[in-house]
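Structure first, then comments.
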């Protein structure tokens, strides 16, 4: 039996199945990142979650998970603003010297205008201010998020993902 077949058998025997791969994105933090759009800390958690979910177009169990994850007091929440209103939302947590750039989404009518680029830059600056020397994020391969992270200087590595059968 080939090594790949044996591995596949063991994965199934463990009650798992392979699902879509994810990208793990890493960036060492050094200098301040320039930004163009106004990015603000989201002080109203309910509004932050509403904008985040609207950008994801999430519902049901997925929306419940995203909401629960982003209501944690450890999560720093940010808005990209246009004409005084939030058009995109993004989260970040800092764990020692590593920052995790969490969930981020843009309202459908405001996509492809650079809001996520500005949110990435803002979070990288805030992470560096908090003492982080490394930032990490995840994204789907070939997604707009992966492209945004690559443009921001992240090194993208493919990560195999599994789910219960």
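The values are calculated or read from the model by the stated rules, or taken from the named source; none is laboratory data. What you see is a predicted model; the values in this text were computed from it and never measured. With ideal geometry, Cβ positions are generated from the backbone for all residues, glycine too; neighbour counts draw on all protein chains shown.
Condition first: within 23 Å of residue 124 (Cα to Cα), in a loop (DSSP other than H, G, I, E, B) and at pLDDT below 85. Can you find one or more residues in the stretch 6-23 that meet it? Checked against the condition, which is being within 23 Å of residue 124 (Cα to Cα), in a loop (DSSP other than H, G, I, E, B) and at pLDDT below 85, the stretch 6-23 yields no hits at all.
Scoring residue 48 on the criteria (1) out of contact with any strand residue (DSSP E or B) (no Cβ under 6 Å at 6 or more places or on another chain); (2) more than 23 Å from residue 28 (Cβ to Cβ) leaves a single failure, condition (1). Under the condition of being assigned to a loop (DSSP other than H, G, I, E, B) and either within 12 Å of the chain's Cα centre (by Cα) or buried (at least 16 other Cβ atoms within 10 Å of the Cβ) (or both), the residues counted in the stretch 99-113 number 1. Of all residues in the stretch 29-51, those being surrounded by 11 or more Cβ atoms within 10 Å (Cβ to Cβ), at pLDDT 80 or above and assigned to a loop (DSSP other than H, G, I, E, B) number 3.
Yes/no per residue for (1) closer than 15 Å to residue 106 by Cα; (2) touching a helix residue (DSSP H, G or I) at 6+ places or on another chain (Cβ under 6 Å); (3) not in a helix (DSSP H, G or I):
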{"site": "53", "(1), (2), (3)": "yes, yes, no"}
{"site": "64", "(1), (2), (3)": "no, no, no"}
{"site": "69", "(1), (2), (3)": "no, no, no"}
{"site": "72", "(1), (2), (3)": "no, no, yes"}
{"site": "77", "(1), (2), (3)": "yes, yes, yes"}
{"site": "81", "(1), (2), (3)": "yes, no, yes"}
{"site": "92", "(1), (2), (3)": "no, yes, yes"}
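Restrict the check to the stretch 63-78 and report whether at least one residue is closer than 18 Å to residue 113 by Cβ, surrounded by 12 or more Cβ atoms within 10 Å (Cβ to Cβ) and modelled with pLDDT of 90 or more. The answer is yes, given that some residue of the stretch 63-78 is closer than 18 Å to residue 113 by Cβ, surrounded by 12 or more Cβ atoms within 10 Å (Cβ to Cβ) and modelled with pLDDT of 90 or more. Residues in the stretch 116-134: is at least one in a strand (DSSP E or B) and touching a residue at least 12 places away in the same chain (Cβ under 8 Å)? Yes - at least one qualifying residue is present in the stretch 116-134.
For the stretch 82-93, the set of residues classified as closer than 15 Å to residue 50 by Cβ and surrounded by fewer than 23 Cβ atoms within 10 Å (Cβ to Cβ) consists of 85, 87, listed by residue number.
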